[in-house]
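Undergrad: Please find one structure pasted underneath; my questions will follow.
The values are calculated or read from the model by the stated rules, or taken from the named source; none is laboratory data. Here the structure is a predicted model, which is why all the values come from computation and not from measurement. Please note: Cβ atoms are built from the backbone with ideal geometry, for glycine as well, and neighbour counts cover all protein chains shown.
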Amino acid sequence: MSENDLLARVSVPGGREIFEPATGDLLGHAPQDTKEDLERAVAAARAAQPAWAALGHEERSARLVRMADRIDAEAESLARLLAREQGKPLNGPNARFEVGACSAWLRATAATVLEDQVVVDDGKQVSTLTYRPIGLVAAIGPWNWPLMIGIWQIAPSLRMGNTVVVKPSEYTPLSVLALISILNEELPEGVLTALSGDREVGAALVAHPDVRKIMFTGSTATGRKVVEASGANLARLTLELGGNDAGIVLPDADPEAIAQDLFWGAFINTGQTCAALKRLYVHESIHDRVVEALAGVAAKMPLGPSLSEESVLGPVQNAMQFKIVSDLIEDARARGGTMVTGGAPATELGPLFYPITLVTGLHDGDRLVDEEQFGPALPIISYADVEDAIASANRLDVGLGASVWSSDPDQAQAVANRLEAGSVWINGHGGVHPMVPFGGVKASGYGLEFGVEGLKAVAVPKVVTRKVN
Ligand code: NAD
């Protein structure tokens, strides 16, 4: 199937117009689902859940593997549709990579087993902790990694015997609807439904009394609203929210050796990544060398149209985010920041292109340091004392990821132990793995995804205690 065939499956005449960020061309029309569609989706999901749960782990895992096979078969068309709608290029850690991750996550989730656990067996009683399906899961996603994050929510939920209603971001609905139509080729009716619409549809879904669990990935501001809505029926929550990840480069790091990994840690998906490096603290003794090495890497990374095989950096996805990024860069300039690279929109490429912007000379308290930029800008801050760098890293009210860069593993570990974040990487930033739990602390959310912990998050624990005579 070509990407246009996929698009034709999900685009509806008269729906909301979706434009391609790189070109401004009209991509298609997204359905505008209503309250009635929501009721239908919820009723179908509830009706389908007992039979889906009754299939058992082995059969459900087999379905997940078949879904991965279907994604692999349509990988190129999905990647092209994703590139056109989201804006990320095909190559680099972008569209093809994202579609590959969807398949990999489905396979890994299919192979993961959540075992019953005997918690007490003392001759008087045997108590066993088991896990049952929750029921109906609402999955709400953002626009930056719409397919991969969708799969992160869907795969474990289905694996554990739940049914799922998905509400993709209003900025990237068509590629998610296309993905779901492919997954549905392997699923019974009602097990997985997508609702397309704006924030109101998301708000109505999370407030629905039949929703037992909400998997939410998006901004901290929306996350707070989801928490409030969940109070009515005490739906369980996994919240993957915003971040402002700090990286600390220790004085013994080798600037040239780490530059490439630092670059992708910050600029994967053109910086529009939750756990991207968003403020970099570098020891003053190597600050200039790190800046120079990073600028050297940036100069070699082509920024351009999403469908060009050359591009590894693309446009900002939407005008709202573009404005946030440009405003933060203007503010940085006004506060005396030095633009080492970039610093002004790349208007020759299109209205949503902004080049990689490395900014030095900023301090804690400056907006580009304190606020999540979620785009192609990185403040690089010089420090003299590692204690100050640790305090700076921990001073904000978010804690998704963090990183330490050093040639000395013990010293790096000692700093890593003191950083307040759900994930800390040493000599890397933002790498995720289907078996390594992922989640935030503080206002970056709570609950874990991936691996065995991720399965627990979409199940309800149940303890059976048997008396032993
Ligand atoms: P957003 O919060 O604006 O939207 C996320 C989703 O929530 C969308 O589908 C939207 O329609 C829906 N929504 C809006 N209002 C709602 C409501 N009241 N109730 C229920 N749903 C509602 O976020 P975004 O701009 O799409 O994504 C960017 C943000 O997401 C950034 O802050 C980023 O850091 C964060 N993010 C976090 C992770 C993570 O894993 N922690 C991953 C990706 C993105």
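Undergrad: Can you go through Val297, Val316, Val290, Val312 and tell me which one is more than 16 Å from the ligand (Cβ to nearest atom), among the β-branched types (Val, Ile, Thr) and buried (at least 23 other Cβ atoms within 10 Å of the Cβ)?
TA: Val290
Undergrad: Would you pick out the residues in segment 1-52 that are at pLDDT 95 or above and either in a strand (DSSP E or B) or of a type in the set (Lys, Arg) (or both)?
TA: Result: Arg9, Arg16, Glu17, Ile18, Phe19, Leu26, Leu27, Gly28, His29, Ala30, Arg40, Arg46.
Undergrad: Can I ask one more? Within segment 382-425, work out how many residues are within 23 Å of Ala443 (Cα to Cα), within 26 Å of the chain's Cα centre (by Cα) and among the hydrophobic types (A, V, I, L, M, F, W, C).
TA: Here the count works out to 13.
Undergrad: Here are the criteria: (1) among the acidic types (Asp, Glu); (2) under 30 Å from Glu74 (Cα atoms); (3) more than 9 Å from the ligand (Cβ to nearest atom). Tell me which single one Asp254 does not satisfy.
TA: Of the numbered conditions (1) among the acidic types (Asp, Glu); (2) under 30 Å from Glu74 (Cα atoms); (3) more than 9 Å from the ligand (Cβ to nearest atom), the odd one out for Asp254 is (2).
Undergrad: I'm checking my understanding of the structure. Among residues of segment 385-403 that are more than 16 Å from the ligand (Cβ to nearest atom), in contact (Cβ under 8 Å) with a residue 40 or more places away in the chain and aliphatic (A, V, I, L, M), which one is farthest from Leu448 (Cα to Cα)?
TA: Once the filter is applied, the top-ranked residue is Val386.
Undergrad: Going by the conditions given, is Gly375 at pLDDT 95 or above and not assigned by TED's automatic domain parsing to the domain that holds Ala295?
TA: no
Undergrad: Among the residues in segment 171-192, are any out of contact with any Lys or Arg (no Cβ under 7 Å at 6 or more places or on another chain) and near the ligand (Cβ under 8 Å from one of its atoms)?
TA: Yes: one or more hits.
Undergrad: Separate question: Quick check on my filter: what residues within segment 345-374 are without any contact (Cβ under 8 Å) to a residue 12 or more places away in the chain and of a type outside the set (Val, Ile, Thr)?
TA: Residues satisfying the conditions are Glu348, Gly365.
Undergrad: Count, please, the residues in segment 214-231 that happen to be within 10 Å of the ligand (Cβ to nearest atom) and at pLDDT below 95.
TA: Within segment 214-231, residues that are within 10 Å of the ligand (Cβ to nearest atom) and at pLDDT below 95 number 0.
Undergrad: Can you name every residue in segment 156-170 that is assigned to a helix (DSSP H, G or I) and either within 14 Å of the ligand (Cβ to nearest atom) or not small (Gly, Ala, Ser) (or both)?
TA: Result: Pro156, Leu158, Arg159.
Undergrad: Having 1 or more residues that are not assigned by TED's automatic domain parsing to the domain that holds Thr341 is the bar; report the strands (runs of 3 or more DSSP E) wholly within segment 380-469 that clear it.
TA: So the answer is 459-467.
Undergrad: From the list Glu185, Glu189, which residue is assigned to a helix (DSSP H, G or I) and at pLDDT 95 or above? Please lay out each step first, then the result.
TA: Numbers: Glu189 fails: assigned to a helix (DSSP H, G or I).
None of the other options fit; the residue is Glu185.
Undergrad: Name every residue in segment 33-77 that is touching a Ser or Thr at 6+ places or on another chain (Cβ under 7 Å) and in contact (Cβ under 8 Å) with a residue 60 or more places away in the chain, in order of residue number.
TA: Asp33, Ala41, Ala44, Ala45, Ala48, Gln49, Trp52, Leu64, Ile71, Ser77
Undergrad: Confirm whether Arg96 is in the same structural domain as Gly161 (by TED's automatic domain parsing), assigned to a helix (DSSP H, G or I) and buried (at least 20 other Cβ atoms within 10 Å of the Cβ).
TA: Numbers: in the same structural domain as Gly161 (by TED's automatic domain parsing): yes; assigned to a helix (DSSP H, G or I): yes; buried (at least 20 other Cβ atoms within 10 Å of the Cβ): yes.
Considered against the rule, which asks whether it is in the same structural domain as Gly161 (by TED's automatic domain parsing), assigned to a helix (DSSP H, G or I) and buried (at least 20 other Cβ atoms within 10 Å of the Cβ), Arg96 comes out as yes.
Undergrad: Can you name every residue in segment 338-359 that is under 15 Å from Ala266 (Cα atoms) and either within 16 Å of the ligand (Cβ to nearest atom) or assigned to a strand (DSSP E or B) (or both)?
TA: Those that are under 15 Å from Ala266 (Cα atoms) and either within 16 Å of the ligand (Cβ to nearest atom) or assigned to a strand (DSSP E or B) (or both): Thr341, Thr357, Leu358, Val359.
Undergrad: Among (1) over 27 Å from Ser382 (Cβ atoms); (2) assigned to a helix (DSSP H, G or I), there is one condition Ala293 misses while meeting the rest; what is its number?
TA: Condition (1) is where Ala293 drops out.
Undergrad: What's the total number of residues in segment 220-247 that are over 26 Å from Asp261 (Cα atoms) and part of a loop (DSSP other than H, G, I, E, B)?
TA: Of the residues in segment 220-247, 5 are over 26 Å from Asp261 (Cα atoms) and part of a loop (DSSP other than H, G, I, E, B).
Undergrad: From Leu234, Leu239, Leu277, grab the single residue that is modelled with pLDDT of 95 or more, within 25 Å of the chain's Cα centre (by Cα), surrounded by fewer than 24 Cβ atoms within 10 Å (Cβ to Cβ) and within 14 Å of the ligand (Cβ to nearest atom).
TA: Just one listed residue meets the conditions, Leu239.
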